[in-house]
């Protein structure tokens with residue numbers, strides 16, 4: 001069983017801690033969060049189900065007990081017990097970079113849900129090269145993963161081309177009902193905002209699905225589609241009636257969520273990648289779809305869609321074994337052994 005350091009105890013980090021315990025695929029032996037309210041607490045204080053196995057059955061007590069939450073990486077003492085770090089702190093690679101550097105310098109491999117790390121060469125080429133060199137030097141590994149970006153609109157389409165003789169274009173849709181998603185996600189997609197509030201948050205960069213561009217360039221790079229021009233759009237999905245969500249009441253005409261598209265063209269002016277992401281409270285007919293225009297033509301559709309919170313936690317834990325089996329360096333979901341569901345160990 002992999003022993004992990006968990007950095008970030010927001011809703012997603014707590015989900016991962018609970019998931020690791022219940023599935024029995026990893027053991028959290030250290031935890032870090034900068035929130036002063038967590039100082040002096042243990043992981044069991046923050047995640048009440050921590051330590052429970054499948055079916056909520058309490059596991060035999062370990063002599064060390066649940067780990068105490070540290071306020072910084074420097075406060076962690078048990079480095080010899082840590083096989084891998086899981087970092088669930090930010091979507092922005094530049095904000096995560098100091099944490100990554102501290103861990104890589106200690107030779108600790110990292111699985112992170114940082115969306116820009118899925119294909120960091122798009123917006124942070126120099127930083128990506130720095131992190132790769134640091135990982136190689138210290139014998140560590142680093143990967144960004146998640147349900148999307150990380151799988152549904154990038155790794156899955158690329159993997160599906162394994163049975164194709166040729167691929168001319170790729171189209172992806174992820175249409176989600178955000179009603180059951182965690183509160184930070186509902187906030188990120190702009191639920192409850194009026195038109196002015198939505199526009200203001202788009203302008204300051206706090207309202208967007210992070211990673212659509214990274215997914216597009218991931219596909220272009222690994223399939224050789226040669227994207228030389230790309231663009232992204234964002235608009236609100238407006239509520240047709242008053243409705244409720246975890247953030248409160250959504251008035252008719254206000255944003256129930258967000259719709260983003262991304263398009264990529266090759267040097268001949270052909271649109272070779274088309275992506276649509278839509279997440280909204282009360283979204284009808286949610287689904288995930290990948291369409292490969294090639295030989296043969298492949299059309300994959302998952303009715304109901306894949307639940308983002310469940311899948312993000314699952315793939316984060318499932319990726320650990322694949323990452324640790326890879327060579328030192330900065331990786332993507334296309335450069336490690338196939339990530340699969342990890343069984344109890």
Only one residue in 280, 262 is touching a residue at least 60 places away in the same chain (Cβ under 8 Å) and surrounded by 17 or more Cβ atoms within 10 Å (Cβ to Cβ), so which one is that? 280
Looking at residue 129 and the list (1) in contact (Cβ under 8 Å) with a residue 24 or more places away in the chain; (2) closer than 21 Å to residue 217 by Cβ, which single condition is not satisfied? (1)
Show me the helices (runs of 4 or more DSSP H) found entirely inside segment 150-205 where at least 2 residues are within 27 Å of residue 319 (Cα to Cα). 155-160, 183-188
Regarding residue 175, is this residue closer than 18 Å to residue 207 by Cβ, surrounded by fewer than 24 Cβ atoms within 10 Å (Cβ to Cβ) and assigned by TED's automatic domain parsing to the domain that holds residue 218? no
Give the residues of segment 124-149 that are assigned to a loop (DSSP other than H, G, I, E, B) and within 17 Å of the chain's Cα centre (by Cα), sorted by residue number. 145, 146, 147, 148, 149
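The values are calculated or read from the model by the stated rules, or taken from the named source; none is laboratory data. Since the structure is predicted, the reported quantities are computational estimates derived from the model, not experimental observations. When we count neighbours, we look across all protein chains shown, and the Cβ atoms used for this are built from the backbone with ideal geometry, even at glycine.
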